[in-house]
Amino acid sequence: MQLPIEGMSCASCVNRIERFLRKTPGVAEANVNLATEVATVRYLPEMAGLDEIARAIEAAGYEIRHLPEPRAGSARATLLDEADAEAAVRAREQRTLGLTAAASLVVAALSMLVMYLPNAPWTMEQVAWLLIGPATAVQFLAGRRFYRAALRAARHGTTSMDTLVVVGTSAAWAFSVLMTFAPDVLRSAGIEPQTYFDSSTAIIGLILTGRWLEARAKGQTVGAVKALIGLQARSARIVRAGAETDVPLEEVRVGDLVRVRPGERVPVDGRVSEGASAVDESMLTGEPIPAEKGPGSEVIGGTMNGHGTFLFRATRVGRDTALAQIVDLVRRAQGSKAPIQRLADRIAAVFVPIVLVLGGTTFVLWFVLGPEPRLTHALVAFITVVVIACPCAMGLATPTAIMVGTGNGAESGILIRGGEALELAAGVDAVVFDKTGTLTRGRPSLGRVVAAPGFTTDEVLDLAASVERGSEHPLAAAILAGAAARNLGAHPVAEFEAVAGRGVRGVVDGRMVVVGTAAFLASEGVEAGALTPDDDPRAALIYVGVDGRAAGVLPAIDEIKPESEPAVRELSASGIEVWLVTGDQAVTARSVAVAVGIAPEHVMAEVLPAGKAAAVTSLQARGLRVAMVGDGINDAPALAQADVGIAIGTGADVALEASDVTLVGGDPRSVAAAIRLSRQTLRVIRQNLAWAFGYNIVLIPVAMGALYPIAGITLNPAMAAGAMALSSVSVVTNSLRLRRSTKGSARPAKQEVATAT
């Protein structure tokens, strides 16, 4: 469950909400993202619900933001409805920030003009009475968001960035009010009256400006989700009782017959029943060439139809469509954390109290040891220290980069599950490929059937296809297709049994038929290894035994993807070991490996599904960080064992829940693109964290007056406010730079395909 949160301002807020959520009974995991202002909560419904989670957030001192209701007449909210509502809330927030920031800065500018105008005919006391009204309005109207958040935190015994802003500006405002009402009291104490209304208003104005710029920049980091949601159609053309009617998208149901005309978007997922066209799926798969669609083809909601027209039967609607699942996955990824963020979280948890202590220490040191007027210098130094500190940048350093990186990947058909997967992918040393459907097309065709003496080729194919009808293996599909072309393979089968990774057996017309690898047949007492066809050495050989005798061999030829060789070449060039682990025979595996550029010594053949996981373990035992690339189904044990599981699939069948990274388009070059994208994103995260930590390490001592004994240099509060605001903006801006630098790297270089084919 994802919940929008109101009132967060820094990493300390994030830590507090997470702490309260994780203490709630039934909550298994809670992550709060400062950049998206969203809490992602995994919980046990029988132990916790929305009410309990909302109470935990309120107990932490924050609130759940309530979005506007969907448009009138909607039966249920669509992705577009939710996106529009969220955009309206964010736009209103930006307008409010912009207006209050502008008003505060105008007051600050006028205050400085009045106070420092040369040869002005008025006294400081007169200036104070002139400024007290506007400055107070800025303090408690424009600055009320800071007071609300700081008081909320104080009620729960904690502090936040808003606490620092409130303490600093309130000190400047209160001292100025005292000077306005009782200047003689200050003079009698030996203190020269001086107001700081310009500082208090400038601090509030600059911090609000920083948050306005930050909000605008954060809006750009969610561009990928906006682009994906923008793919969804608003309506669909339903065919009922022979008549075609346009209905809102939320009214489409599974089983409805839908018409798609030239140039329209496919509204929901389905299967074509009539007509043909070419559909542009590039936004979801990264593949620029439109996919041909005809009867039986699957179509994905959100893709763009070409010049043809077709009817399709809706199979998935609403939250079940591939587009909705991808949007949900990207949102979850953008709301996740990377392990590298842990140090920043630990520091942020104690940061504000430490800054308040440093501010108090600074005040005492300046008041005791500073030059005259000591109180003035001490007050200014205290305000500068508490204002310049910025845990906001620490809180934004990682999530903004993850948002941009995962968003760019999603736009190119690379779905990264979250920050942890992204960080692990950046450190991959070895990539293990499965063969079928990964380096090859996964749609094998039947070669020339070879029959043993005493059997005919039709007999061998007929018996094998009859048994294979109970199998879901891709090679079974090749046998069935070859048999169907000859009207064979329709016999009933008794005692059917499938042995994972080895073959199938069953009784056909009273005859025991065994189909599978040579090793499987040998275990059944059938010696079939002497049967060898003259076909392509890359063909997978399927042996057939009947009643304990070798009956024949069926070669299944699976064409290598033209993108496979460039994919292996790029991975090898980047210093990554590339391995092929497959259940196919050794001769087939080595032939495919040679064709795509994998070294023969990096080939493991005739490996069962469980053995693939063991192969991954053996590489990890060498200290390598391993990525396993498979189809997400029969490679599940290896995908789970690998440091990074990469599922490769196409269209609406993509296994979104099966892996750390999912490649929607099925292009193996996307493996290298995903690793490259992860490395670039992690590099930006490190830059952001270095800036966030470096900013505070350098400027807090300067604000305390470390340079004063050496060079007579101090900072004033307005400069501190400007530096603090710009530190957060700089982190977000650096992350947005990642969007430009990875735009091409997240998408495979298409020109290589032509070279490889």
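The values are calculated or read from the model by the stated rules, or taken from the named source; none is laboratory data. This is a predicted model, so every value here is computed, not measured. Cβ: placed from backbone, ideal geometry, glycine included. Neighbour counts: every protein chain shown. Note: accessible area is taken over every heavy atom of the protein model, side chains too, but ligands, DNA and RNA are not part of it. Shrake-Rupley method; radii C 1.70, N 1.55, O 1.52, S 1.80 Å.
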Long-range amide H partners of PHE310 with built H, under 5 Å
VAL260
Using the Kirkwood radius built from alpha carbon pairs, what does the Stokes-Einstein equation give as D for the range 397-463 at 4 °C and 1.567 mPa s, in µm² per second?
78
If the label point is 7 Å along Cα→Cβ of ASP509, which residues in the range 433-473 have backbone nitrogen under 12 Å from it?
456, 458-464, 466
Give the accessible area for HIS156 in Å² (nearest 10); use a 1.4 Å probe, count only protein heavy atoms, and leave out ligands, DNA and RNA.
70
Shape descriptors of the range 539-652 over alpha-carbon atoms, Rg and Dmax in angstrom, are 15.6, 52
Between the range 497-526 and the range 682-734, what is the separation of their alpha carbon centroids in Å?
71
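Sort 4-11, 463-470 by the packing proxy (mean of other Cβ within 10 Å over each peptide's residues), most packed first. Intermediate values should be presented prior to the final figure.
Numbers: 4-11: 22.4, 463-470: 24.8.
Ranking, from highest mean packing down: 463-470, 4-11.
With r as the distance between the Cβ atoms of VAL357 and ILE64 and R0 = 30 Å, compute the FRET efficiency 1/(1 + (r/R0)^6) and round to 0.05. If you can, show how the numbers build up before the last one.
Working: r = 33 Å, r/R0 = 1.10.
About 0.35, to the nearest 0.05.
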Around ARG65, which amide H atoms from residues at least 5 apart in sequence, or from another chain, sit under 5 Å from its own amide H, with H modelled in the peptide plane?
ILE5, GLU6
Pseudo-spin-label distance SER273 to GLU472, built 7 Å along Cα→Cβ, given in nm, is 2.5
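Name the shape class, rounded, prolate or oblate, that the alpha-carbon gyration tensor gives for the range 283-364, where a ≥ b ≥ c are the square roots of its eigenvalues, rounded holds for a/c under 1.5, and otherwise prolate holds if a/b is larger than b/c and oblate otherwise.
Since a/c reaches 1.5 and a/b is larger than b/c, the shape of the range 283-364 is classed as prolate.
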Using a simple charge model, +1 on the beta-carbon of Lys and Arg, -1 on the beta-carbon of Asp and Glu, nothing else, what dipole does the range 205-275 show about its Cα centre, in debye to the nearest 20?
300
Give me the number: length gained by fully extending VAL89 to ALA621, i.e. 0.36 nm times residue separation minus the C-alpha to C-alpha distance, one decimal in nm.
186.4 nm
Taking Cα pairs under 8 Å and at least six residues apart, what relative contact order does the chain come out at, in percent?
14
Translational D in µm²/s for the range 223-266 (Stokes-Einstein at 10 °C, 1.306 mPa s, Kirkwood Rh from C-alpha pairs)
137
Scalar couplings 3J(HN,Hα) for the range 560-566 by Karplus 6.51 cos²θ - 1.76 cosθ + 1.60 (θ = phi - 60°), nearest whole Hz, x for Gly and Pro, are 6, 5, x, 7, 5, 5, x
Charge-dipole axis of the range 433-497 as Lys and Arg at +1 and Asp and Glu at -1 on Cβ define it, positive-most pick from ALA494, THR438, VAL449:
THR438
Over the Cα atoms of the range 446-505, how large are the radius of gyration and the largest Cα-Cα distance (Dmax), in Å?
11.2, 30
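Quote to one decimal, in nm, the extra length available between ARG443 and PHE181 on full extension: 0.36 nm per residue of separation minus the C-alpha distance between them.
Using 0.36 nm per residue and subtracting the Cα-Cα distance, I get 85.7 nm.
With only Lys, Arg, Asp and Glu charged, each at its Cβ (+1 for the first two, -1 for the last two), find how big the charge dipole of the chain is about the Cα centre; round to the nearest 20 debye.
Details: 69 positive and 74 negative charges, 492 e Å.
For this selection, approximately 2360 debye.
Output the pairs from LYS23/LYS337; LYS293/LYS612; LYS337/LYS561; LYS23/LYS226 with a Cα-Cα distance over 30 Å in this structure; if there are none, say none. Mind dumping the intermediate values first?
Values: LYS23/LYS337 19 Å; LYS293/LYS612 35 Å; LYS337/LYS561 35 Å; LYS23/LYS226 33 Å.
Check vs 30 Å cut-off fails for LYS293/LYS612; LYS337/LYS561; LYS23/LYS226.
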Please state the Cα pair-distance histogram of the chain with 10 angstrom bins from zero: what percent is in each bin?
3, 12, 18, 19, 16, 12, 8, 5, 3, 2, 1, 0, 0
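What's the Cα-based Rg to Rh of the range 22-66, Rh via Kirkwood? Before the final figure, lay out the partial values.
On the way: Rg = 10.2 Å, Rh = 10.9 Å.
Radius of gyration over Kirkwood radius for the range 22-66 works out to 0.94.
Grab the DSSP H runs of the chain that are 4 residues or longer, score each as -39,500 (n - 2.57), total them, divide by all residues and round the 222 nm result to the nearest 500 deg cm²/dmol. Present the calculation step by step, with values, prior to reporting the outcome.
On the way: 26 runs with 373 residues, N = 757.
When only DSSP H runs of four or more count, the value is -16000 deg cm²/dmol.
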Which of the listed residues, PRO353, ILE560, PRO373, is farthest toward the dipole's positive end in the chain, when Lys, Arg count +1 and Asp, Glu count -1 at the beta-carbon?
PRO373
Tell me the label-point distance for the pair PHE367, ARG216, using the 7 Å Cα-to-Cβ offset, in nm and rounded to one decimal.
4.1
Pairwise centroid distance, computed over Cα atoms, of the range 412-466 with the range 242-281, Å
32
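Find the relative contact order for the range 457-545 and round it to a whole percent, using C-alpha pairs within less than 8 Å whose residues are 6+ positions apart. Each step should come with its number before you reach the end.
Numbers: 130 pairs, mean separation 21.3, N = 89.
That works out to 24 percent.
Counting alpha carbon pairs within less than 8 Å and at least 6 residues apart, what relative contact order, in whole percent, applies to the range 384-483? Intermediate values should be presented prior to the final figure.
On the way: 47 pairs, mean separation 19.1, N = 100.
Relative contact order, the range 384-483: 19 percent.
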Name the long-range amide H neighbours of MET512: under 5 Å, sequence gap of 5 or more, or other chain; modelled H, no Pro or chain starts.
ASP547
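Please give me the summed charge of the neighbours of ALA236: other residues whose Cβ is under 14 Å from its Cβ, Lys and Arg +1, Asp and Glu -1.
Cβ neighbours under 14 Å give a net charge of +2.
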Over the alpha carbons of the range 327-406, what is the largest minus smallest coordinate on each principal axis, giving the biggest first in Å?
61, 18, 14
Along the charge dipole of the chain, Cβ charges K/R +1 and D/E -1, which of HIS307, GLY548, VAL513 sits furthest on the positive end?
HIS307
Distance between the C-alpha centers of the range 349-408 and the range 130-183? Whole Å please.
16
HN-Hα J in Hz across the range 501-517 - Karplus 6.51, -1.76, 1.60, θ = phi - 60°, x for Gly and Pro
x, 10, x, 9, 9, x, 9, 10, 6, x, 10, 7, 10, 10, 10, x, 6
FRET efficiency (VAL594, ARG683; Cβ distance; R0 45 Å; to 0.05) is 0.80
Residue by residue through the range 726-736, which ³J(HN,Hα) values in whole Hz follow from phi under the Karplus form 6.51 cos²θ - 1.76 cosθ + 1.60 (θ = phi - 60°), with glycine and proline marked x?
5, 5, 5, 4, 5, 5, 5, 5, 4, 5, 5
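For the range 75-140, just run the numbers: alpha carbon Rg, then divide by 2.2 N^0.38 Å, N being how many residues it has. Could you put the intermediate results ahead of the total?
Working: Rg = 20.5 Å, N = 66, 2.2 N^0.38 = 10.8 Å.
Compared with the compact-globule rule of thumb, the range 75-140 sits at 1.90.
First select every other residue whose beta carbon is under 13 angstrom from the beta carbon of THR436; then total the charges, Lys and Arg +1, Asp and Glu -1.
With Lys, Arg at +1 and Asp, Glu at -1, the neighbours total -1.
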